[in-house]
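The values are calculated or read from the model by the stated rules, or taken from the named source; none is laboratory data. All figures in this text were calculated on a predicted structure; none of them were measured in a lab. Don't worry about glycine lacking a Cβ; one is built from the backbone with ideal geometry, like all the others, and counts go over all protein chains shown. Surface areas here come from the heavy atoms of the whole protein model, side chains and all, with no ligands, DNA or RNA. Shrake-Rupley method; radii C 1.70, N 1.55, O 1.52, S 1.80 Å.
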Amino acid sequence: MTFPDKPNLDHARLKTHFDAMAEQDVDVTPDASSRHLHNGLDTSLPPADLHGSYTNHRPLPTDGIEDRHAYIVGSGIGGLSTAFFLIRDGHMPGQNITILESQKIEGGALDGAGDAEAGYIVRGGREMEMTYQNFWDVFSEIPAVELPKPFTVLDEYRIVNDADKNWSKARLLEKQGQIGDFSTMGLGRLHQLELVRLFLARKEDLDDITVADWFSEGFLKTNFYMFWCTMFAFQTWHSVLEMKLYMHRFLHLMDGLNDMTALVFPKYNQYDSFVRPLMAWLKDKGVKIQYDTIVYDLEMDVTGETKTTTAIQCHIGTGDKTITLGARDLAFVTIGSIVEDTAYGENHTAPPQKVNAPDQCVGASWRLWKNLARKSSSFGRPEKFCGNVPRSTWESATLTCRPSPLVDKLKELSVNDPYSGKTVTGGIVTFTDSAWLMSLTINRQPHFPEQPDDVIVPWVYALIMDAPGDYVKKPMPDCTGDEILTELCFHLGLIDQVDAVLDATKVRTALMPYITAQFMPRAKGDRPWAVPEGSTNLACLGQFVETHNDVVFTLESSVRTARTGVYSLLGIKKQVPDIYPGQYDIRRLLRATRTLNNDEEFLGEGLLRRLLGGTYLEHILPLGPKEEVADLRKHGMFEQQLSSLRGLIEESHTLDTAKTWIQGVTDKLRGGR
């Protein structure tokens, strides 16, 4: 049998380098936060966080790859990307790869289904950005959804977003549909110091600390935290370590946090935009997928610290089945699931809670992870994430809207006509005075390829699940779709027209008990690494896998775990780039500093302008509101800040007192909470 995807290599001319590479020790997952950037004899490989074409080279195939097989548990973006990397970078024949999926359709959390009559549904959406190096690497090779070959999903994505800038004109709403002030972060000096302390804190010092533990009550009432918690779905009881990682990961986007200008979105929903084209590519390569297959345990040979997976135990329609792994076969397992046990409702029904129901399907991914954790502590502690359902739950509602007063109101809040095909709300619109902390969004329409021209599909979600609504006096999970829509109409100032809205709107709800389980407070050892310590042929995938610096709840993080697992188990001599290094970019740091200072001048900015204004490096300085480049060359800010510093010293009487004050501030910043 021949395998067309495996290159025919002529070793003669490159034998010296092939042999040297075989002996080379490559750290597949370099940690940029623990290395000092330099050039020297010890830097044969690129910097840990280098992004771009130089990191997109094709690695050599490993010995005997054509005879190896891989079994992938779960067909979310992590599982599908695993198959992609096995084929492209591992040179494994597609027909040697089998995906085991518990549902009747692939995609995991990346869903999108329904029609205009029954109503469309998407459990959630993905706010995306440009620096997802691993994710965009995959989709730079997957054929486009609508353009002909050789165009790719990435090519199509660029066309849509480059020509249609995302932004929001109504990020915050209050008082039944009035646009609130979202122009600044609303952070006072002490609030800013709380953020700086977190930015400077060491990751290892933040185990099991919550957002509420770290921040003051006043901070949690700022615009900044309103933007943050509703955009990323953070709660005060979630991990402050994860919040810190988000700050570092997305520091380069800080000045687009309030108006959503940092984001990019696909043309269609996440299933049609990403899952469908990737699945088509995999099937074309010969990858097999087996649906309705619930994997509940793995058999392992354990010798000392070494663990080798020998079989996969699963339940299929005809009963239990054991899949035996060959001596060189590989297993990739998605542990945990943020959409496990989703309960659904409609216009006239509330979603029934399914957690702990006596059913083979209920809690399947969590049961698998728990079984693995019983075999070895290297698989982490799943109970830390799935053990407090009330604190990891929220609910969403997908609306299928024909013309009505609701659509007319949404037009007022949109940057373009919802029927235009362009950006609509530009991301979520949050009702700041909602007891449920409700938000809504309308992505580009149509949101589904076959969606009728007169239909709009908004999406609604809320974070607070235990409080009665402001109009409908029930917690959101107890409400029917019509009741959720009624609460929405109240906050939009449409309660007098609610009957007309109800008549024109289909509502499908999704109550997700583990949707923010990945944010729960954690400590070292709670999550396994992609390849758990001692594992010879098993890798873990998904949102509950440890990484050096990346965050959870993104497409990028799932793809990162897939790539890491493939490279590690196959011994591929290629690095998985660390997160985008925007946090080390002086331009981004200065811009973020001004943004967090409510777009006002920050301490020392005048001195920077005095030194760099009018020089080659002038462009690194941030501009204030309504400022032009010429303003950077004026000395007024420097003189004003110098005068303020003189006044501080005079008030303190002596320079030594001023030094003591500065040292005290520094110690406080570095000393923790």
The range 512-525, residues that are out of contact with any Cys (no Cβ under 8 Å at 6 or more places or on another chain) and either open to solvent by 10 Å² or more (accessible area, probe 1.4 Å) or of a type in the set (Phe, Trp, Tyr) (or both) = 519, 520, 521, 523, 524, 525
In the range 94-139, which residues are in contact with a Lys or Arg (Cβ under 6 Å, 6 or more places away or on another chain) and either open to solvent by less than 20 Å² (accessible area, probe 1.4 Å) or more than 25 Å from residue 518 (Cβ to Cβ) (or both)?
-> 94, 98, 119, 121, 134
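So that you can scan it fast, the table gives a plain yes or no per residue for (1) modelled with pLDDT under 80; (2) touching a helix residue (DSSP H, G or I) at 6+ places or on another chain (Cβ under 8 Å); (3) of a type in the set (A, V, I, L, M, F, W, C):
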{"residue": "600", "(1), (2), (3)": "no, yes, no"}
{"residue": "611", "(1), (2), (3)": "no, no, yes"}
{"residue": "615", "(1), (2), (3)": "no, no, no"}
{"residue": "634", "(1), (2), (3)": "no, yes, no"}
{"residue": "639", "(1), (2), (3)": "no, yes, no"}
{"residue": "658", "(1), (2), (3)": "yes, yes, yes"}
{"residue": "661", "(1), (2), (3)": "yes, yes, yes"}
{"residue": "666", "(1), (2), (3)": "yes, no, no"}
{"residue": "673", "(1), (2), (3)": "yes, yes, no"}
Single match in 418, 382 (criterion: open to solvent by less than 10 Å² (accessible area, probe 1.4 Å), in contact with a Lys or Arg (Cβ under 7 Å, 6 or more places away or on another chain), under 30 Å from residue 220 (Cβ atoms) and not basic (Lys, Arg)) | 382
Which residues, counting only those in the range 255-280, are surrounded by fewer than 22 Cβ atoms within 10 Å (Cβ to Cβ), of a type outside the set (Ser, Thr, Tyr) and more than 23 Å from residue 121 (Cβ to Cβ)?
-> 255, 256, 259, 262, 264
Subset of the range 150-186 (residues that are hydrophobic (A, V, I, L, M, F, W, C) and not in a loop (DSSP other than H, G, I, E, B)) | 153, 154, 159, 160, 172, 173, 179
Do we have any residue at all in the range 195-216 that's out of contact with any helix residue (DSSP H, G or I) (no Cβ under 8 Å at 6 or more places or on another chain), under 20 Å from residue 598 (Cβ atoms) and not in a strand (DSSP E or B)?
-> no
The listed residue being open to solvent by 10 Å² or more (accessible area, probe 1.4 Å), on the phi < 0 side of the Ramachandran plot and of a type in the set (A, V, I, L, M, F, W, C), out of 531, 552 = 531
Test residue 297 against the criterion of being at pLDDT 95 or above, in a loop (DSSP other than H, G, I, E, B) and open to solvent by 10 Å² or more (accessible area, probe 1.4 Å), and give yes or no.
-> no
Pairing a residue in the range 59-71 that is under 27 Å from residue 294 (Cα atoms) with any residue that is open to solvent by less than 40 Å² (accessible area, probe 1.4 Å) and in a helix (DSSP H, G or I), where Cβ atoms lie under 8 Å and the two sit 6 or more apart in sequence or on different chains, gives 68/96; 69/96; 70/82; 70/83; 70/86; 70/96
In this structure, is residue 363 open to solvent by less than 20 Å² (accessible area, probe 1.4 Å), under 28 Å from residue 531 (Cβ atoms) and modelled with pLDDT under 95?
-> yes
Taking the range 306-333 and the residues there that are part of a strand (DSSP E or B) and among the polar types (S, T, N, Q), the one that is most open to solvent (accessible area, probe 1.4 Å) would be 324
Could we say that residue 151 is surrounded by fewer than 20 Cβ atoms within 10 Å (Cβ to Cβ) and either aromatic (Phe, Trp, Tyr) or touching an Asp or Glu at 6+ places or on another chain (Cβ under 6 Å) (or both) here?
-> yes
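Here's the yes/no breakdown for (1) of a type in the set (A, V, I, L, M); (2) within 24 Å of residue 560 (Cα to Cα); (3) at pLDDT below 95; (4) out of contact with any Pro (no Cβ under 8 Å at 6 or more places or on another chain):
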site	(1), (2), (3), (4)
497	no, no, no, no
501	yes, no, no, no
505	no, no, no, yes
515	yes, yes, no, yes
519	no, yes, no, yes
522	no, yes, no, yes
527	no, yes, no, yes
538	yes, yes, no, no
542	no, yes, no, yes
Being more than 23 Å from residue 113 (Cα to Cα) and in contact with a Gly (Cβ under 7 Å, 6 or more places away or on another chain), is that true of even one residue in the range 433-442?
-> yes
